[in-house]
Amino acid sequence: MPETLESFTKRIKTLEIQGAKEIAIESLKFLRKIAKQKGFGREFNKAANKIEKTRPTAVVLHNCLEILKKERKIETINKLLRQLNQATKEIAKRGSRLIKNNYVIMTHCHSGEALAIIKQAWKEGKKIKVYATETEPKEQGIKTAKELSRLKIPVILIVDSAVEFFMKDVDIVIVGTDAIRKEGIVNKIGTYPLAVVAWEHKKPFYVVGNTLKLDKRKKLIIEERSPHEIYIEHMKTLEVRNPAFDETPWKYVKRVVTEKGILTPGNILRMLK
């Protein structure tokens, strides 16, 4: 049976599909099926709007849909998919140059593009070790640790609050991003304090993201997820807040690894004008 819009958006909401780039890729594939069957009319627009609202913070899908509004063709979707996949390959090659032999890397959450760099460095024969935060409340960092472990890459899983304890052992911090804005980089909650700790320890903090993550939207909506991801029991006098993202100011970012190069914050800010 073909997948319904409801079941597809549920897979995004429950993080079965996660990561800004991955959400965009899977959404484009889903929308391509609709376009092939029914064109780019009312049903396509309804599906696109609903999917975009499912995870409002990440910007890649938004940017892809803006391009599609101007070029409503199947080939445009195919072109965007090729662009996203090729970007990851370019990012891996460029970013692996930052990792030297015997480097210890720290990462946060589960970023396909950040992992592509780490995997490429390992493929090139570099001896590396990775600290992966568990990334609560949904344990996305455990997914990262398992993925690296399956490739025989030495990885140490740590709780989010232990980043300062282990930072002295780290050579470089590499994280992904869901949106790149003039105010800073938007990523999984916990990225900002990780950047501050890296700064205090004088460790370089690199952000990884393709240029479709450049976010020129006037308003940033930080998604707040279900409090039940943190605490299930209901108590009248207890309020639970669960923001999914935070925004790290540019002062803490050394460089941004994109498919177009390893760019300074200044380079990025000029692109955002």
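The values are calculated or read from the model by the stated rules, or taken from the named source; none is laboratory data. Being a predicted model, the structure only gives us computed values, none of them experimental. Every residue, glycine among them, receives a Cβ derived from its backbone with ideal geometry; neighbour counts consider all protein chains shown.
Would it be correct to say that VAL186 is at pLDDT 95 or above and crowded, with 22+ Cβ neighbours inside 10 Å? Outline the logic, then answer.
On the way: at pLDDT 95 or above: yes; crowded, with 22+ Cβ neighbours inside 10 Å: yes.
So VAL186 passes the test.
Looking at GLN18, GLN37 in this structure, which one is within 22 Å of HIS110 (Cβ to Cβ), of a type in the set (S, T, N, Q) and either surrounded by 18 or more Cβ atoms within 10 Å (Cβ to Cβ) or out of contact with any Asp or Glu (no Cβ under 6 Å at 6 or more places or on another chain) (or both)?
On the way: GLN37 fails: within 22 Å of HIS110 (Cβ to Cβ).
None of the other options fit; the residue is GLN18.
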- Query: Does ALA114 count as in contact (Cβ under 8 Å) with a residue 60 or more places away in the chain and in contact with a strand residue (DSSP E or B) (Cβ under 7 Å, 6 or more places away or on another chain)?
  - Reply: yes
- Message: Among the residues of the stretch 144-157, what is the count of those that are surrounded by fewer than 18 Cβ atoms within 10 Å (Cβ to Cβ) and closer than 14 Å to LYS119 by Cβ?
- Response: 7
- Message: Quick check on GLU52: is it under 28 Å from LYS188 (Cα atoms) and part of a helix (DSSP H, G or I)?
- Response: yes
- When ARG181 is evaluated against the numbered criteria (1) in contact with a helix residue (DSSP H, G or I) (Cβ under 7 Å, 6 or more places away or on another chain); (2) crowded, with 20+ Cβ neighbours inside 10 Å; (3) within 19 Å of HIS62 (Cα to Cα); (4) of a type outside the set (A, V, I, L, M, F, W, C), which criterion, by number, is the only one it fails? (1)
- Message: Within the stretch 80-103, does at least one residue satisfy the condition of being assigned to a loop (DSSP other than H, G, I, E, B) and either closer than 16 Å to THR191 by Cβ or in contact with a Phe, Trp or Tyr (Cβ under 6 Å, 6 or more places away or on another chain) (or both)?
- Response: no
- Message: Given the condition of a type in the set (A, V, I, L, M, F, W, C) and over 20 Å from GLU134 (Cβ atoms), answer yes or no: does some residue in the stretch 223-232 qualify?
- Response: no
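Based on what the data block shows, is THR144 closer than 13 Å to SER111 by Cβ and part of a loop (DSSP other than H, G, I, E, B)? Show your work before the answer.
Values: closer than 13 Å to SER111 by Cβ: yes; part of a loop (DSSP other than H, G, I, E, B): no.
No.
Hey, among the residues in the stretch 1-25 that are assigned to a helix (DSSP H, G or I) and of a type in the set (Ser, Thr, Tyr), which one's farthest from ASN78 (Cα to Cα)?
Residues of the stretch 1-25 assigned to a helix (DSSP H, G or I): 5-13, 20-25.
Okay, now just the ones that are also of a type in the set (Ser, Thr, Tyr), so 7, 9.
On the way: SER7: 23, THR9: 21 Å.
Per the stated criteria, the residue is SER7.
A quick yes/no check of all residues on (1) within 20 Å of LYS219 (Cβ to Cβ); (2) in contact with a strand residue (DSSP E or B) (Cβ under 9 Å, 6 or more places away or on another chain); (3) surrounded by 12 or more Cβ atoms within 10 Å (Cβ to Cβ); (4) not assigned by TED's automatic domain parsing to the domain that holds LYS216:
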residue	(1), (2), (3), (4)
PHE44	no, no, yes, yes
LYS50	yes, no, yes, yes
PRO56	yes, no, yes, yes
LEU61	yes, no, yes, yes
LEU65	yes, no, yes, yes
LYS70	no, no, no, yes
THR76	no, no, yes, yes
GLN83	no, no, yes, yes
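Could you say which residue among GLU259, GLU223, GLU183, GLU247 is touching a Ser or Thr at 6+ places or on another chain (Cβ under 6 Å), among the charged types (D, E, K, R) and touching a residue at least 60 places away in the same chain (Cβ under 8 Å)?
On the way: GLU259 fails: touching a Ser or Thr at 6+ places or on another chain (Cβ under 6 Å); GLU183 fails: touching a Ser or Thr at 6+ places or on another chain (Cβ under 6 Å); GLU247 fails: touching a Ser or Thr at 6+ places or on another chain (Cβ under 6 Å).
Only one candidate passes the filter, namely GLU223.
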